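The values are calculated or read from the model by the stated rules, or taken from the named source; none is laboratory data. Since this is a predicted model, take the numbers as computed values, not measurements. We place every Cβ from the backbone using ideal geometry, glycine too, and count neighbours over all the protein chains shown.
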Amino acid sequence: MSFPSMADAGGRTLGVEELDAVAGVLRSGMLSSVWGTEVRALEREMADRHGVSHAVATSSGTAALHCAVAAVAPDPGDEIITSPISDFGTVAPILAQNAVPVFADVDADTGNLDPASVAAAIGPRTKAILAVHLFGAAVDLRAVAEAAGVPLIEDCAQAWLARYPDGRLVGTAGAIGCFSLQQWKHITCGDGGLAITDDAALARRMRLFADKGWPRDEARRHVGLGLNYRMTELAGAVARAQLAKLPGVLADRRRTAARLHAALADLPGVRLPTDVDAHAWWLFPIVLDPPLTNDRVAATLTAAGIPARAGYLDQPLHHAPALTDAPVYGSSRFPLTVPPADREPAYGPGTCPVAERLIDQTLLVIDWNERYTDDHVDEIARAVRAAVTA
Ligand SMILES: *Cc1c(COP(=O)(O)O)cnc(C)c1O
């Protein structure tokens, strides 16, 4: 049985709406969002969908996160606490703003940041907490951020329309929520990002950072450091059409994920997400109990034609040579040096043991897709049962 994938047309929701939208932009002759209408409309629709006042579109999810980090304005050497299980796009913006990524450990059942570990990582230089809603499951760090008196940035790249237990949409609980429209996300325009906020000052700082520090409503002067992270009108037109389809994508993913969840619920040795209806099901994660190991179960599933992988990452982010060994700027390890940091960052094996164990041994992910049928799900359920009971 072949499984629809986010890498091919059969596993995407790209259709005549996107074609028409792109054609309209091309016919207009205006491909830049500085003077066009599509990206401005996308920002309005994104903000409205989330019930917030501002959205800033960017050229990628990483760019959206970079705008968010720049907006909370760490001094060189300030610390931002985040998760060792995420895309590198979560961490790169912290380094790029000359701040120090501090990794807290994660929950053994979900891979999401453990609030107690985050609280323990807070220090005098903590400038923000960057939460990652991993695989589409909301992690609630509101109380920890509030107690520490620092802003919460939410990385919602994998968690479009995921909800907190109280029903609130992810991305609206902290200071800024960041989303990705990259090829492998729920909805896509190839590459793109969106940052949402209710704070007008943060929105303005993000907009300036994405546009060379140039306030377009004023003279041609540059009021601060900014890059060019603008989304194009072509991407914006596709993103608008995709955003309109998002509720359908989520409904379909949740329906089929609930079916697999029910099929595996009584299977010994596997732990499943608990928030079935609030989860965004970017992937379907399964945590295995010993003696099951993720590489063996993944190999069995792959041999059976199931799109499954061990660990999600090859190594947790705190093992990445980019952080442990490599120079950051030129031949220098700045900002991971003292000064500007007050303490040597602790990276490498042993510093986040729960995350390390998940990736090396217990975490298995199954690709998920809104085009899965009940037959696809039943095939996955059969294969997982066989692999786990073998
Ligand atoms: C994809 C992703 C990013 C980066 O988004 P890009 O659009 O690829 O730059 C950041 N964080 C997480 C959790 C992601 O999944």
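Every residue in region 76-105 that is closer than 28 Å to Pro290 by Cα and within 15 Å of the ligand (Cβ to nearest atom), please. Of everything in region 76-105, those that are closer than 28 Å to Pro290 by Cα and within 15 Å of the ligand (Cβ to nearest atom) turn out to be Thr82, Ser83, Pro84, Ile85, Ser86, Asp87, Phe103. Among the candidates Val144, Val139, the residue that is out of contact with any Cys (no Cβ under 6 Å at 6 or more places or on another chain), under 21 Å from Val365 (Cβ atoms) and modelled with pLDDT of 95 or more is uniquely Val139.
Please state which one of Gly192, Gly177 is under 27 Å from Ala143 (Cβ atoms) and either at pLDDT 95 or above or in contact with a Lys or Arg (Cβ under 9 Å, 6 or more places away or on another chain) (or both).
Details: Gly192 fails: under 27 Å from Ala143 (Cβ atoms).
That would be Gly177, the only listed residue that is under 27 Å from Ala143 (Cβ atoms) and either at pLDDT 95 or above or in contact with a Lys or Arg (Cβ under 9 Å, 6 or more places away or on another chain) (or both).
From Ala173, Ala159, which residue is near the ligand (Cβ under 9 Å from one of its atoms) and more than 16 Å from Ser60 (Cβ to Cβ)? Exactly one residue qualifies, and that residue is Ala159. Among the numbered criteria (1) out of contact with any helix residue (DSSP H, G or I) (no Cβ under 7 Å at 6 or more places or on another chain); (2) within 30 Å of Pro349 (Cβ to Cβ), which single criterion is violated by Val106? Every listed condition holds for Val106 apart from (1). The set of residues in region 23-39 that are buried (at least 16 other Cβ atoms within 10 Å of the Cβ) and charged (D, E, K, R) contains only Glu38. Residue pairs whose Cβ atoms lie under 7 Å apart, separated by 6 or more positions or on different chains, with the first residue in region 362-390 and farther than 21 Å from Val287 by Cβ and the second at pLDDT 95 or above and basic (Lys, Arg), are Glu370/Arg253; Asp374/Arg259.
Using the structure shown, decide if Asp48 is surrounded by fewer than 22 Cβ atoms within 10 Å (Cβ to Cβ), within 23 Å of Ile187 (Cα to Cα) and either near the ligand (Cβ under 9 Å from one of its atoms) or of a type in the set (Lys, Arg) (or both). When the stated conditions are applied, Asp48 does not pass them. Filtering Ala138, Ala71, Ala108, Ala63 for residues that are surrounded by 24 or more Cβ atoms within 10 Å (Cβ to Cβ), away from the ligand (no atom under 14 Å from the Cβ) and in contact (Cβ under 8 Å) with a residue 60 or more places away in the chain leaves a single hit, Ala71.
Remark: pairs (first residue in region 276-305, of a type in the set (Asp, Glu); second residue surrounded by 16 or more Cβ atoms within 10 Å (Cβ to Cβ); Cβ separation under 6 Å; 6+ apart in sequence or on different chains) = Asp295/Ala310. If you go through region 111-135 and keep only what is in a loop (DSSP other than H, G, I, E, B) and either out of contact with any helix residue (DSSP H, G or I) (no Cβ under 6 Å at 6 or more places or on another chain) or surrounded by 24 or more Cβ atoms within 10 Å (Cβ to Cβ) (or both), you end up with Gly111, Asp114, Gly123, Pro124, Arg125, His133.
For region 181-231, residues that are under 21 Å from Gln158 (Cα atoms), buried (at least 16 other Cβ atoms within 10 Å of the Cβ) and within 14 Å of the ligand (Cβ to nearest atom) total 14. Among residues of region 159-174 that are buried (at least 17 other Cβ atoms within 10 Å of the Cβ), those with a Cβ under 8 angstrom from a residue that is hydroxyl-bearing (Ser, Thr, Tyr) and modelled with pLDDT of 95 or more, sequence gap 6+ or separate chain, pair up as Val170/Tyr164; Ala173/Tyr164. Within region 358-376, the residues that satisfy the criterion of being out of contact with any Leu (no Cβ under 9 Å at 6 or more places or on another chain) and within 23 Å of Asp114 (Cα to Cα) are Leu358, Asp360.
Entry remark, region 333-384: residues being surrounded by fewer than 21 Cβ atoms within 10 Å (Cβ to Cβ), in contact with a strand residue (DSSP E or B) (Cβ under 7 Å, 6 or more places away or on another chain) and part of a helix (DSSP H, G or I) number 1 in total.
Ala57 meets the conditions (1) among the small types (Gly, Ala, Ser); (2) surrounded by fewer than 24 Cβ atoms within 10 Å (Cβ to Cβ); (3) within 16 Å of the ligand (Cβ to nearest atom); (4) closer than 23 Å to Gly226 by Cα in every case but one. The failed one is (2). So, in region 1-22, how many residues would count as being touching a Lys or Arg at 6+ places or on another chain (Cβ under 7 Å), surrounded by 15 or more Cβ atoms within 10 Å (Cβ to Cβ) and in a helix (DSSP H, G or I)? So the count comes out to 2. Considering Thr90, Thr37, Thr13, the condition of being within 17 Å of Met231 (Cβ to Cβ) and β-branched (Val, Ile, Thr) is satisfied by Thr37 alone.
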